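Okay, structure first, notes after.
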Amino acid sequence: MTHEQASELLAAFALHALDRDEEQAVSAHMQSCAQCQDELASLREVTEQLGSAVGQVSPPPRLREAVLAGIRSRPDVITLRRGWVVAAAAAVLLLVLAALGVSLSRQLTALSARLAAQERVLALLAAPSSRSVPLTGSVTAAVRFVYDPDRGRGALVVSDLRDPGRESVYQLWLIAGAQPESAGVFRPLPGQPIVLPVTADFSRYQAVAISVERAPSGALQPTTTPVLLGKL
Ligand SMILES: [Zn+2]
């Protein structure tokens, strides 16, 4: 393969978009061509920068294949090799935009959920009949249970609680007599309050408790002594 031919295929090479024969031919040429090595290095720099601008979210692998298949199936692009450079750049842009879209929509979903949870707590606190009890126990924590007995709506608000370890979650229990009932599991997020909504007839319960249970879904009944307890 001549330098001219290799140079035209470099962008596609950087994207791993060549078939095996072409890839080997470009590789072989590059062994002895400093100019192509330099060009490839700068192409890789650009694709890496684009990648890191998008964060940790990777585009769906099927999309990459679809884009590349689309390019391959166009005979005008294949016969006009120079078209590769433009097509490859367009493919990179498409991947970046797709990944950005996925990342943004995930962030938006997470943000909406947090907002809804915070609004729920605000509404609870605004209700004249609502109560707020601190949970205390064997660990240092800033954890409150806010609830409105009249409307049967409540929420656990966790603003400071240490990580329970990778294999564990915290599990919230509503306690009626000697019978704890699970009200959900959660993991604390560093520097970010957590709101765990709870809907129940609170007149049935005397206390709320939190125990450390096995990740990801906790237990049917507490298997460890509760680390935090609050009287309703
Ligand atoms: Zn070359």
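Name the residue, out of R166, R131, R151, R120, that is in contact with a Ser or Thr (Cβ under 8 Å, 6 or more places away or on another chain) and on the phi < 0 side of the Ramachandran plot.
R151
Filter segment 185-214 down to residues that are within 24 Å of R114 (Cα to Cα) and exposed (fewer than 15 other Cβ atoms within 10 Å of the Cβ), then give me how many there are.
Total satisfying the criteria: 5.
May I ask you to verify whether A87 is at pLDDT below 90, touching a helix residue (DSSP H, G or I) at 6+ places or on another chain (Cβ under 6 Å) and not assigned by TED's automatic domain parsing to the domain that holds P226?
For A87, the condition - at pLDDT below 90, touching a helix residue (DSSP H, G or I) at 6+ places or on another chain (Cβ under 6 Å) and not assigned by TED's automatic domain parsing to the domain that holds P226 - is met.
Quick check on segment 8-25: of everything there that is in a loop (DSSP other than H, G, I, E, B) and free of Cβ contacts under 8 Å to residues at least 12 places away in the same chain, which residue is nearest to the chain's Cα centre (by Cα)?
H16
Could you go through segment 13-25 and let me know if any residue there is in contact with an Asp or Glu (Cβ under 7 Å, 6 or more places away or on another chain) and modelled with pLDDT of 65 or more.
There is at least one residue in segment 13-25 that is in contact with an Asp or Glu (Cβ under 7 Å, 6 or more places away or on another chain) and modelled with pLDDT of 65 or more.
Taking segment 22-36 as the region of interest, how many residues are polar (S, T, N, Q), closer than 15 Å to E8 by Cα and within 11 Å of the ligand (Cβ to nearest atom)?
1
Can you name the strands (runs of 3 or more DSSP E) wholly within segment 123-232 that have at least 2 residues being of a type outside the set (G, A, S), farther than 22 Å from A110 by Cβ and over 22 Å from the mean Cα position of the chain (by Cα)?
Ranges flagged: 131-134, 142-148, 168-176, 179-186, 207-214, 228-231.
The values are calculated or read from the model by the stated rules, or taken from the named source; none is laboratory data. The structure displayed is predicted, hence computed values, not measured ones. Positions of Cβ are generated from backbone atoms using ideal geometry, with glycine treated the same way; all protein chains shown enter the neighbour counts.
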